[in-house]
Amino acid sequence: MTGTPNFPVILVSEEAYELSTNETMGSKYKFWFKHEKLGLCLYKQARENLGEDWAEKVASQLCFLLGLPHAVYELAETWEGNRGVVSPNFLPIEGGTLVHGNELLTPIVPNYPTSGTYGVTQHTIDIVLSVISDDSVNLPIGWTAPEGIQSAVEVFVGYLLLDAWIGNGDRHHENWGIVRSKAASNSVETIHLAPTFDHASSLGRDLSDEQRQKRSVEAYANKCFSAFYENVGDKKPLKTFDVFHRVAHRYPQAALMWLSRLESISKENIVEIFNRIPNTRISSIAAEFAQKILEFNQHKLLTLRDSLL
């Protein structure tokens, strides 16, 4: 779409960095800082030529189109010229704590490997669903559920649809969680599903343009593995599509609602998002490949509907 303005790029100043707090979790360089308009934000640096910044931004926009509660990501650049993304803090200002999946699973799963992220076969889809479907886990804070979505686990079904659509293989036990919130006025703690976050490992962003020109989109999309296992001890995790397929049959009403949302997103909606990524951050080959992934996976997911009715 010609004339569509690029997404804004937030400049992270040296002064902001000097007042920042470093973040230790994860593999990327990141720190918290105060932004004059967005408040407390997390800056995550993108590794060079791996597309983590544009993939995170595109995924954030797709979450918005789906109506999923999500961490917002903006393109960013530091005073040194490094590229990354900035994400405003989604925790409540007073008394909010993010508890990651590994912290939830360690007390209930024998010998759970708290510190690992990949190859954790105890991270089964069944045990994760059992944690999120507990009656104590409320809907995400400040999010209004669409008709047909009543519980946290039904929202999580939407997260898994997103993973299957964008090819996100990175929902390991540090990339989902709950928010513990305690209001200062009454000191009563409530527990909520966290918004969906960390989607940079998606959309074929890890490939070089040379690889994209040689690879079949269909073959690439069909090989996307999740970070969930079917059984403890399995040699391979489930594929992202198979995770959603299993969960959709367990929660068909929620799955149909999210599939309906997916169907409402047009090719034009997606083209507009990619057209707003500066061409200094994404090549036309990468953008085309990513859009073909979304088109292929969208069609594949929508074929599930008949089996859910």
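Details
- Cβ separations smaller than 6 Å between residues 6+ apart or across chains give the following pairs from region 218-229 residues that are closer than 18 Å to Ala200 by Cβ to residues that are in a loop (DSSP other than H, G, I, E, B) and of a type in the set (A, V, I, L, M, F, W, C): Ser226/Leu238.
- All of Leu98, Leu62 fail the test of being within 19 Å of Ala194 (Cα to Cα), of a type in the set (A, V, I, L, M, F, W, C) and surrounded by fewer than 21 Cβ atoms within 10 Å (Cβ to Cβ), apart from Leu98.
- Test: residue in region 22-44 that is at pLDDT 90 or above, of a type in the set (Val, Ile, Thr) and not in a strand (DSSP E or B): no
- Given (1) over 27 Å from Thr117 (Cα atoms); (2) assigned to a helix (DSSP H, G or I), index of the condition Arg281 fails: (2)
- Listed by first and then second residue, the pairs linking a residue in region 94-122 that is under 29 Å from Leu40 (Cβ atoms) to a residue that is among the charged types (D, E, K, R) and exposed (fewer than 14 other Cβ atoms within 10 Å of the Cβ), with Cβ atoms under 9 Å apart and 6 or more places separating them unless they lie on different chains, are Gly95/Glu189.
- Taken over region 131-154, residues that are farther than 18 Å from Leu256 by Cα, β-branched (Val, Ile, Thr) and in contact with a Leu (Cβ under 7 Å, 6 or more places away or on another chain) amount to 3.
- Members of region 74-122 that are touching a Cys at 6+ places or on another chain (Cβ under 7 Å) and among the polar types (S, T, N, Q): Ser87, Asn89
- Note on region 121-140: among residues that are assigned to a loop (DSSP other than H, G, I, E, B) and either touching a strand residue (DSSP E or B) at 6+ places or on another chain (Cβ under 8 Å) or on the phi > 0 side of the Ramachandran plot (or both), the one that is surrounded by the most Cβ atoms within 10 Å (Cβ to Cβ) is His123.
- Against the list (1) assigned by TED's automatic domain parsing to the domain that holds Ser264; (2) under 28 Å from Val188 (Cα atoms); (3) touching a residue at least 60 places away in the same chain (Cβ under 8 Å), the condition Ala71 fails is (1).
- Of all residues in region 67-88, those that are in contact with a Gly (Cβ under 9 Å, 6 or more places away or on another chain), surrounded by 17 or more Cβ atoms within 10 Å (Cβ to Cβ) and under 20 Å from Ile141 (Cα atoms) total 3.
- A count restricted to region 71-92 and to residues that are within 21 Å of Asp198 (Cα to Cα) and part of a loop (DSSP other than H, G, I, E, B) stands at 8.
- Given (1) more than 22 Å from Glu103 (Cβ to Cβ); (2) surrounded by fewer than 22 Cβ atoms within 10 Å (Cβ to Cβ); (3) in contact with a helix residue (DSSP H, G or I) (Cβ under 9 Å, 6 or more places away or on another chain); (4) not acidic (Asp, Glu), index of the condition Leu161 fails: (2)
- Of the residues making up region 270-278, one or more are touching a strand residue (DSSP E or B) at 6+ places or on another chain (Cβ under 9 Å), at negative phi and in the same structural domain as Glu154 (by TED's automatic domain parsing).
- Leu161 vs. criteria under 17 Å from the mean Cα position of the chain (by Cα) and over 30 Å from Glu94 (Cα atoms): yes
- Residue check for Leu62: assigned to a strand (DSSP E or B) and out of contact with any Pro (no Cβ under 6 Å at 6 or more places or on another chain): no
- Candidate set: region 268-309, residues that are among the polar types (S, T, N, Q) and loosely packed, with under 14 Cβ neighbours inside 10 Å; chosen: the one farthest from Gln211 (Cα to Cα): Ser307
- Summed over region 177-207, the residues that are hydroxyl-bearing (Ser, Thr, Tyr), touching a residue at least 60 places away in the same chain (Cβ under 8 Å) and either over 25 Å from Ile132 (Cβ atoms) or not in a strand (DSSP E or B) (or both) give a count of 2.
- The set of residues in region 243-270 that are under 27 Å from Asp53 (Cα atoms), within 20 Å of the chain's Cα centre (by Cα) and in a helix (DSSP H, G or I) comprises Val243, Phe244, Trp258, Leu259, Arg261, Leu262, Glu263, Asn269, Ile270.
- Among (1) surrounded by fewer than 16 Cβ atoms within 10 Å (Cβ to Cβ); (2) out of contact with any Pro (no Cβ under 8 Å at 6 or more places or on another chain) - the single one Gly39 does not satisfy: (2)
The values are calculated or read from the model by the stated rules, or taken from the named source; none is laboratory data. Note that this is a predicted model, so its numbers are computed, not measured. Heads up, the Cβs are rebuilt from the backbone with ideal geometry, glycines too, and the neighbour counts pull from every protein chain shown.
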